[in-house]
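Working notes, beginning with the structure itself.
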């Protein structure tokens with residue numbers, strides 16, 4: 001299984017995460033037409049936010065969707081957006097809908113604000129497709145995505161760890177180089 005990164009979107013050929021539409025310097029993945037179609041369909045889903053993190057894997061026409069969404073309709077929308085694509089024979093939807101919780105929603109927004117206000121991390125949240133994803137499940141935070149360097153990775157971890165109400169932080173951020 002070969003891992004490839006896109007801005008805010010990790011592509012794992014044979015297990016791909018989805019988020020951004022641009023590729024960071026030095027990481028230009030070569031996608032086959034089916035993978036590119038699936039990637040495009042997923043990154044253009046309306047209503048995805050910094051709090052949703054989708055992944056996909058393509059294997060002989062079988063698309064396996066995984067990741068986390070905050071709203072139940074996004075799971076169905078993701079499946080429907082790829083099932084009709086050329087070269088897709090079956091869709092295996094393993095996307096997890098995060099618990100609908102005011103407690104987790106508060107942590108999501110406080111974590112986002114904390115990251116945006118820490119050093120130069122605000123730049124990862126500019127534009128339509130943020131490069132850092134914040135997944136909160138039952139008070140546990142996972143940071144996913146791509147940052148420029150290990151200092152930004154550590155700053156993001158420390159900022160998320162300082163948010164009141166957070167039980168734990170898993171730092172899955174990767175660096176561009």
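The values are calculated or read from the model by the stated rules, or taken from the named source; none is laboratory data. For clarity, every value in this text was computed on a predicted model and none was experimentally measured. Every residue, glycine among them, receives a Cβ derived from its backbone with ideal geometry; neighbour counts consider all protein chains shown.
So here's what we get for this one:
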quantity: Residue, nearest to residue 151 (Cα to Cα), within segment 78-92, restricted to residues that are crowded, with 17+ Cβ neighbours inside 10 Å and under 18 Å from the mean Cα position of the chain (by Cα); calculated: 78
quantity: Evaluation of residue 169 against (1) touching a strand residue (DSSP E or B) at 6+ places or on another chain (Cβ under 7 Å); (2) at pLDDT below 95 (one fails), failing number; calculated: (2)
quantity: Residue that is surrounded by the fewest Cβ atoms within 10 Å (Cβ to Cβ) [pool: residues in segment 116-141 that are part of a strand (DSSP E or B) and without any contact (Cβ under 8 Å) to a residue 40 or more places away in the chain]; calculated: 140
quantity: Filtered residues of segment 126-136 (kept if touching a strand residue (DSSP E or B) at 6+ places or on another chain (Cβ under 7 Å) and modelled with pLDDT of 95 or more); calculated: 132, 133, 134, 135
quantity: Candidate set: segment 93-104, residues that are at pLDDT 95 or above, within 19 Å of the chain's Cα centre (by Cα) and surrounded by fewer than 15 Cβ atoms within 10 Å (Cβ to Cβ); chosen: the one farthest from residue 47 (Cα to Cα); calculated: 94
quantity: Test: residue in segment 16-24 that is outside the structural domain of residue 159 (by TED's automatic domain parsing), surrounded by 21 or more Cβ atoms within 10 Å (Cβ to Cβ), at pLDDT 95 or above and closer than 17 Å to residue 142 by Cα; calculated: no
quantity: Scan of segment 142-159 for residues that are surrounded by 14 or more Cβ atoms within 10 Å (Cβ to Cβ) and outside any helix (DSSP H, G or I), ordered by number; calculated: 142, 143, 144, 145, 146, 147, 148
quantity: Residue list for segment 48-102, filter: assigned to a helix (DSSP H, G or I) and touching a helix residue (DSSP H, G or I) at 6+ places or on another chain (Cβ under 8 Å); calculated: 78, 81, 82
